[in-house]
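> Have a look at this one.
The values are calculated or read from the model by the stated rules, or taken from the named source; none is laboratory data. Please read these numbers as outputs of a predicted model, since none were measured by experiment. Note that each Cβ is placed from the backbone with ideal geometry, even for glycine, and that neighbours are counted across all protein chains shown.
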C-alpha cells in the first residue's frame, strides 16, 4: 500500500459519511473560500538552489526551536509512534526499510544549530549502508510482558534530544511473542507533525515491501522540507502571511487579558510544565446527536465541540469574550501533501457569547469565527502572539491558555502487508498529560459510533479533582446542548 493510497483511503472514509447536500456544500465552500492566488502563487514550489551549508528554518521549525531551547530536557515536544506488528517480521528488512526512508527524506537527517542568535538547519548527506540503528529487546520471558512493554515505551518517550546531534528519531523493536513485536518510533516535533507521522508509517510499509521483494527503493521526492522552508521565507507565502497577520491582529484587538479559570493555586512565576490528564467516553446517542446537529448547521464536529467548550469556559469565567486555539495542518500548497516535516500551525478563534443566545445561534457564531481563522491559517501563530502581546507573551495570555484538538481514530485501523498485520497503538491518556503546554487542552477523538474526550491540565494550577469536575460538566453540556439546540444558554 503506497502513501498516496493510504491518504486517498482515509479521505474516502471521511467523505463516505457525508450526505449529497453536505458534499455540495463542501464543494461550494471550497470554491467560495479559496484564496485568490498571489502573483506567481499558482506556480509549483521550486527546489532550492544546489549547494551545501546552513539553511533557514520554517516558521513552524523556528517555533519548535525556541520551545526546545526553553526546556531542552523536557519531553513535551517528542512525538511517540507505536505499532504492533504480527507475523514473520524480518528485522534486517525492517532496518533496511528505515534506511531507505532516511535516504529518501532529508528531514530525517537534518540537525539544527545557531549562529549569532539565529537558528539554522543543516542537511547531512546520506552516508548510511542502507540501514539505520534499531534497538531490540526480547521480552518473551518477562514476568509481565505488558507492564514491561509499557515501561520501555514510556522511557523511550521521555528521553530528550540534542537538536545539534542527529538523528532526531529513534526506533526500538520489542519482541513480545514468537510472531509479535511492538515497534516504537520517537521523533522530535521539529521534524514531524500528525500528517507526517501517518505518511511515515505508510512509506515504511512500501519500503519494507520493496526490500522484501528485491525491488529498488522509491526515488526521492521532487521537493524536500528544506525547499519549503526557503520558499516560505522568500516566496509568495511571505506576502500572504503579512496581509493575514494584519487581519488576525484586527480580529483579536481588545480581547480580555486573561481567561479567569477556576485554578486551585496561583500561577507560579515560572511554569514547570507538569501536567495531568483525565478522560471519558461519549456514548453513541449523544455522539450521534452532536453529528446530526453539525450536519444541520453545515458545520463540523470540531465546531460543535468548540461551541460546547466555550459554554463551559463562559460558565467558569463569567466572561463573554473568549478565544480558544485550534491546531491546523499548515500545508498551504498542494506540493506539500507528500512532504515529511513540521508544518503544523495554530489558529485562534474568538467568539462573542454575550446575551442569551440559543446554542444553535452560538454554533453559527463559532462556525463564522472558525472560517475566518482558517482563512489565515498560513500566518505563523508565534507572529500573531508577538503582535497581539507586543512581544511580551505570558502563559496567562488567552492565546496561550486553552486549546481544542480533534482527531479521528481511522488512522488506528490495521494494515496488512507482506504477510504482516500492523496496528497503530494510541499513547495512553497519561502520556497526553505528561507535559502541559496550555492551562487546559481538550482532546476529542472520533472513534466512529462513540468518542473519547481527554482534558489535559496544568498541574501547577489544577488538582486532578478539579479537572475531573470540569470534564464532567463538559460532558453534561455535550449531552444536553445538542439535544436542545434552540434552548437559551442562560437556562
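> Any residue that is in a helix (DSSP H, G or I) and within 25 Å of residue 420 (Cβ to Cβ) - is there at least one of those in the range 171-180?
No, the range 171-180 contains no residue that is in a helix (DSSP H, G or I) and within 25 Å of residue 420 (Cβ to Cβ).
> Going through 367, 396 one at a time, which residue ends up being outside the structural domain of residue 88 (by TED's automatic domain parsing) and at pLDDT 95 or above?
The match here is 367.
> Could you tell me whether residue 197 is assigned by TED's automatic domain parsing to the domain that holds residue 218, within 28 Å of residue 331 (Cα to Cα), in contact with a strand residue (DSSP E or B) (Cβ under 6 Å, 6 or more places away or on another chain) and at pLDDT below 95?
Criteria met by residue 197.
> Pick from 244, 254, 238: which is modelled with pLDDT under 95, under 29 Å from residue 369 (Cβ atoms) and outside any helix (DSSP H, G or I)?
Sole residue among the options that is modelled with pLDDT under 95, under 29 Å from residue 369 (Cβ atoms) and outside any helix (DSSP H, G or I): 254.
> Here is a further query. With respect to the numbered conditions (1) assigned to a strand (DSSP E or B); (2) within 22 Å of the chain's Cα centre (by Cα); (3) touching a residue at least 40 places away in the same chain (Cβ under 8 Å), which one is the sole condition not fulfilled by residue 322?
Of everything listed in (1) assigned to a strand (DSSP E or B); (2) within 22 Å of the chain's Cα centre (by Cα); (3) touching a residue at least 40 places away in the same chain (Cβ under 8 Å), residue 322 misses just condition (2).
> Related question: Just to be sure, is residue 314 surrounded by fewer than 20 Cβ atoms within 10 Å (Cβ to Cβ), at pLDDT 90 or above and under 17 Å from residue 442 (Cα atoms)?
Values: surrounded by fewer than 20 Cβ atoms within 10 Å (Cβ to Cβ): yes; at pLDDT 90 or above: yes; under 17 Å from residue 442 (Cα atoms): yes.
It is true that residue 314 is surrounded by fewer than 20 Cβ atoms within 10 Å (Cβ to Cβ), at pLDDT 90 or above and under 17 Å from residue 442 (Cα atoms).
> Modelled with pLDDT of 95 or more, over 23 Å from residue 422 (Cβ atoms) and assigned by TED's automatic domain parsing to the domain that holds residue 83: is that true of residue 183 in this structure?
Numbers: modelled with pLDDT of 95 or more: yes; over 23 Å from residue 422 (Cβ atoms): no; assigned by TED's automatic domain parsing to the domain that holds residue 83: yes.
In short, no.
> Checking the conditions here, which among 288, 274 is within 20 Å of residue 399 (Cα to Cα) and either over 24 Å from the mean Cα position of the chain (by Cα) or surrounded by fewer than 17 Cβ atoms within 10 Å (Cβ to Cβ) (or both)?
Within the list 288, 274, the selection yields 274.
> So, one more: Looking at residue 343 and the list (1) out of contact with any helix residue (DSSP H, G or I) (no Cβ under 7 Å at 6 or more places or on another chain); (2) assigned to a loop (DSSP other than H, G, I, E, B), which single condition is not satisfied?
(1)
> Related question: Filter the range 192-213 for residues that are over 13 Å from residue 100 (Cα atoms) and over 27 Å from the mean Cα position of the chain (by Cα) and give the result.
The one that is over 13 Å from residue 100 (Cα atoms) and over 27 Å from the mean Cα position of the chain (by Cα): 213.
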